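The structure appears right after this line, and notes come after that.
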Amino acid sequence: MAIRRLPPLRAIEAFVRIVRMGSARAAADELGLSPSALSRRVAALEDFIGKRLFTRQHQAMKLTDDGQAFYDAVSPKFDELAAAVEGQVEDSKVLRLHLGVLPLFGTQRLFPRLPELRKQHPRLHIDIDTSPHLLARVGDTLDAAIVLSKQPDPSYHAVQLDHNRVYAFTSKALAEEIGDTPDEGALSRQTFLIHTELPDSFTAWKQAIGLPRLEPAAIDHYDSGQLILEAAANGLGIAIMHDDHFHRAHDNRLARLFDVAVESPYSYWFVCRPHALEVRSVRIFHDWVVKAGL
């Protein structure tokens, strides 16, 4: 039986990486290639299939319709092939990942889904670090991290995991006392609970309710989202946090203040150094967390 001729696997890998990372430069850095070498691989793939996969304008590469169709067809098979090869590797050693995670994200979003990852990759084990300044330690004591940030430095490989809105919420008793309409006098007598690393959330919320100059009686800073939730539930102040944390808390002691939609300045990001994606444990977790939709 004749074996069908296939394009070079490295050319397909280059193509898939460019699409997934959204940048030829980032893909070249990840693969350890020069931009010209990466272009040659893509050109070889285009010659093989006889179709233009990208339009090229200056430094940008944009998928053509044929390129999108090719990616949709090939990408799942590429992942299946990678998984099949990994499954045949005769190496029983544990794969170890040193991951930085904010505690509240870990509790509410990561840990409930980790059994799925363990089932798919039983040899992958994760050391969890919840210490401060996660981003600064990526590439040093951490292989990767999930952080809250406006926009990580471009020297990192970063994937945005969500978009958030800012909520103000507190105990039901305090919410009833404050009322349904933002009032500067009432709010100026309150204590606000703000995460140390997310100060602009409060600024965005004040602007959205039409009180940009609001000066509360006090602002208490916390380095733990879980503790902010607990403090708010006990009536110690008004928490300014992401809507997702409020909804996932399922805490009937809490009540939201005002029906105001506020886009958050911050999002959750998966970050690592580009070269770290060559490490199997990092690549496995990266691919899973992007697809899992945490």
* Structure fact -> With label points set 7 Å from each Cα along the Cα-to-Cβ direction at LYS150 and ARG96, the distance between them in nm comes to 3.7
* Asked: Using 0.36 nm per residue, how much length does the chain from ALA43 to ASP140 gain when fully extended, once their Cα-Cα distance is taken away?
  -> 31.3 nm
* Which lysines have a Cα lying under 29 Å from the Cα of LYS119, excluding residues fewer than 8 positions away in the same chain? -> LYS77, LYS93, LYS291
* To do: Provide the FRET efficiency to the nearest 0.05 for the ALA261-LYS62 pair, computing r from the beta carbons and using R0 = 22 Å.
  => 0.10
* Structure fact -> With R₀ set to 22 angstrom, the calculated FRET efficiency between the beta-carbons of ARG213 and ARG248, to the nearest 0.05, is 0.10
* Cα-based convex hull volume of the range 105-248 per residue, rounded to whole Å³ -> 133
* To do: Mind putting a number on the dipole of the chain about its Cα centre? Charges go on the C-beta only, +1 for Lys and Arg and -1 for Asp and Glu, and I need it in Debye to the nearest 20.
  => 1260
* log₁₀ of I(q)/I(0) at q = 0.16 Å⁻¹ - the chain, Debye sum with one point per alpha carbon -> -1.21
* Structure fact -> Sorting TRP288, ALA84, PRO154 by the position of each Cα along the dipole of the chain (Lys, Arg +1; Asp, Glu -1; all at Cβ), the one nearest the positive end of that ordering is ALA84
* Using unit Cβ charges (K, R positive; D, E negative) and no other charged atoms, how large, in debye to the nearest 20, is the dipole of the range 163-222 about its Cα centre? -> 100
* Leaving out ligands and nucleic acids, note down the accessible area per residue over the chain with a 1.4 angstrom probe, in whole Å². => 55
* To do: Quote to one decimal, in nm, the extra length available between ASP162 and THR191 on full extension: 0.36 nm per residue of separation minus the C-alpha distance between them.
  => 7.6 nm
* Asked: Of the accessible area of the range 176-294, with the probe set at 1.4 angstrom, what percent is carbon plus sulfur?
  -> 47
* HN-Hα J couplings of the range 15-29 from phi, Karplus 6.51/-1.76/1.60, θ = phi - 60°, integer Hz, Gly and Pro as x? -> 4, 5, 5, 4, 5, 5, 8, x, 7, 5, 5, 5, 5, 5, 4
* Asked: Rounded to the nearest 500 deg cm²/dmol, what is the calculated helix-only ellipticity per residue at 222 nm for the chain, with -39500 (n - 2.57) per DSSP H run of length n ≥ 4?
  -> -12000 deg cm²/dmol
* Nearest 10 degrees, 0 to 90: helix 280-292 Cα axis against the chain principal axis -> 60
* Asked: About its Cα centre, how strong a charge dipole does the range 92-199 have in debye, to the nearest 20, once Lys and Arg get +1 and Asp and Glu get -1 at the Cβ?
  -> 740
* Keeping every protein chain in place, order HIS98, HIS195 by accessible area at 1.4 Å, biggest value first, i.e. largest first. => HIS98, HIS195
* Calculated FRET efficiency, ARG123 and PHE78, Cβ-Cβ r, R0 22 Å, to nearest 0.05? -> 0.55
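The values are calculated or read from the model by the stated rules, or taken from the named source; none is laboratory data. Quick caveat, the model's predicted, so the values are computed rather than measured. So basically every Cβ, Gly included, is an ideal-geometry build from the backbone, and we count neighbours across all protein chains shown. Protein only, heavy atoms only, side chains kept; ligands, DNA and RNA dropped before computing areas. Shrake-Rupley method; radii C 1.70, N 1.55, O 1.52, S 1.80 Å.
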